[in-house]
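Participant: Before we start, here is the structure in question, set down as structure tokens.
Readers should treat all values here as calculations from the given coordinates under stated rules, not as data from a laboratory. Bear in mind the structure is a predicted one, so any value in this text is a computation, not a measurement. In this analysis, Cβ positions are derived from the backbone assuming ideal geometry, glycine residues included, and neighbour counts consider all displayed protein chains.
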């Protein structure tokens, strides 16, 4: 490089080289430039957090967090802080399955994501594609190829980077997502199993149920493992939110009938309800007409309240008790880790009661 600086042309070439680096990779926004280096190595236990925006991340339990998937606006301060705690921060990846059938389109999409990750000093990508795919279709094979090619590109271009893929709570074509689950799991670092919205397709009675029933959730993991997927390739996702259903009728046994809202072929679905974060649900629980109840079969909490129009509502959600039971399975079966949708659903700035509720939700992630 010294020789280049001995001539005017060499100096111009050197400056052009520096400009290229700046445009390609951006200027490190951290006070300590070393924090812009990618995180390498793996933790024994993964705690995977989805972040959807805002500044709640400042109050996460960073003693646990290993990966943050940013689904909100890019925040360089978050990147710097995550790296200071040895935690990865990764992009969101979403693309039309119709378009990725074209290998040239896949290559261009992957390159664009790699360059964005470099520019923002990110540690990889979480691919979140929840579109319908028919088994053995062109999209079926293209999706597996996309995951494999994305993983190869990120690992090559960003040493130590992590590529993950979000899958449904069960591999049995949930919501008509008939993916090559074994091929996808083999092709990336691990899959994040979205063990929530498990009532997206209801084929029996249209009644309110738990968002993530215990036995149904664990059966999904048993099915993945039975397919031959290594438990160390599976991270359990739990919901930090729940569903509020308006009851058409409510029996003495707390059976709440709900309106029929079809979804992807099923006559009923959780689309009949409305999603709310845990912090909102806990405020409602305090003024419910039933108090917090527990369903022993589904191993989930719920309660009922009366709205100003005289309609009875039933709210199903997960709390530390229900999450702890699932976390115990994570430990028992040796899964890669646990995570949640999403990290911003808790009350991080409330009074002592809210603070204790938030602390308990984080602590529930630790398998006992």
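Participant: Set the Förster radius R0 to 22 Å, insert the Cβ-Cβ distance between residue 355 and residue 73 as r into 1/(1 + (r/R0)^6), and round the FRET efficiency to 0.05. Before the final figure, lay out each step's value.
Facilitator: Working: r = 27 Å, r/R0 = 1.21.
With R0 = 22 Å, the Cβ-Cβ based efficiency is 0.25.
Participant: Where is the GNM fluctuation largest for the chain (alpha-carbon springs, 10 angstrom cutoff): 55, 198, 139?
Facilitator: Comparing 55, 198, 139 in a Gaussian network model of the chain, the most mobile one is 55.
Participant: While we're looking at this one, here's another question. Go ahead and set up a Gaussian network model of the chain, Cα springs under 10 Å, then flag whichever of 171, 213, 29 fluctuates most.
Facilitator: Among 171, 213, 29, the largest mean-square fluctuation in the Gaussian network model of the chain belongs to 29.
Participant: Could I ask something else about it? Give me 70, 204 ranked fewest to most by other Cβ atoms within 10 Å of their Cβ, as a rough exposure proxy.
Facilitator: 204, 70
Participant: Same structure again: Taking R0 as 25 Å, what's the FRET efficiency between residue 254 and residue 363 from their Cβ-Cβ distance, rounded to 0.05?
Facilitator: 0.30
Participant: Okay, moving on. Against the longest alpha carbon principal axis of the chain, how many degrees, from 0 to 90 and to the nearest 10, is the axis of helix 214-226 turned?
Facilitator: Helix 214-226 sits roughly 40 degrees off the main axis of the chain.
Participant: Report the paramagnetic label zone for residue 297: residues of segment 240-277 whose backbone N is under 13 Å from a point 7 Å from Cα along the Cα-to-Cβ axis.
Facilitator: Residues passing the 13 Å test: 253-256.
Participant: Further, regarding this structure: For the pair residue 155 and residue 274, how long in nm is the line joining their label points, each one 7 Å along Cα→Cβ?
Facilitator: About 4.6 nm, to one decimal.
Participant: Got a sec? Which residues in segment 288-315 would a label at residue 205 touch, if it sits 7 Å along Cα→Cβ and we count backbone N under 12 Å?
Facilitator: Taking a point 7 Å out along Cα→Cβ of residue 205, no residue of segment 288-315 has its backbone N under 12 Å.
Participant: Based on the Cβ-Cβ distance of residue 182 and residue 116, what FRET efficiency does E = 1/(1 + (r/R0)^6) give at R0 = 22 Å, to the nearest 0.05?
Facilitator: So the FRET efficiency works out to roughly 0.15.
Participant: For the pair residue 222/residue 148, report the inter-label distance in nm, with labels modelled 7 Å from Cα in the Cβ direction.
Facilitator: 3.2 nm
Participant: While we're here: Going 7 Å from the Cα of residue 331 in the Cα-to-Cβ direction, what parts of segment 225-263 have a backbone nitrogen less than 20 Å from that spot?
Facilitator: Counting only backbone N, you get 231-239.
Participant: For segment 41-97 and segment 242-276, what is the separation of their C-alpha centers, rounded to whole Å?
Facilitator: So the separation of the two Cα centres works out to 33 Å.
Participant: For every helix of n ≥ 4 consecutive DSSP H residues, a contribution of -39,500 (n - 2.57) applies; sum these over the chain, divide by its total residues, and give [θ] at 222 nm rounded to the nearest 500 deg cm²/dmol.
Facilitator: Helix-only estimate at 222 nm: -10000 deg cm²/dmol.
Participant: If I fit a long axis through the Cα atoms of helix 8-25 and take the longest principal axis of the Cα atoms of the chain, what angle between them do I get, 0 to 90°, rounded to 10?
Facilitator: Tilt relative to the chain: about 10 degrees.
Participant: Moving to a separate point now. Taking the simple approach of a point 7 Å from Cα along Cα-to-Cβ for both residue 27 and residue 324, what is their distance in nm?
Facilitator: About 5.1 nm separates the two model spin labels.
Participant: Report, in degrees rounded to the nearest 10, the 0 to 90 angle that the Cα long axis of helix 138-157 makes with the longest principal axis of the chain.
Facilitator: Tilt of helix 138-157: around 50 degrees.
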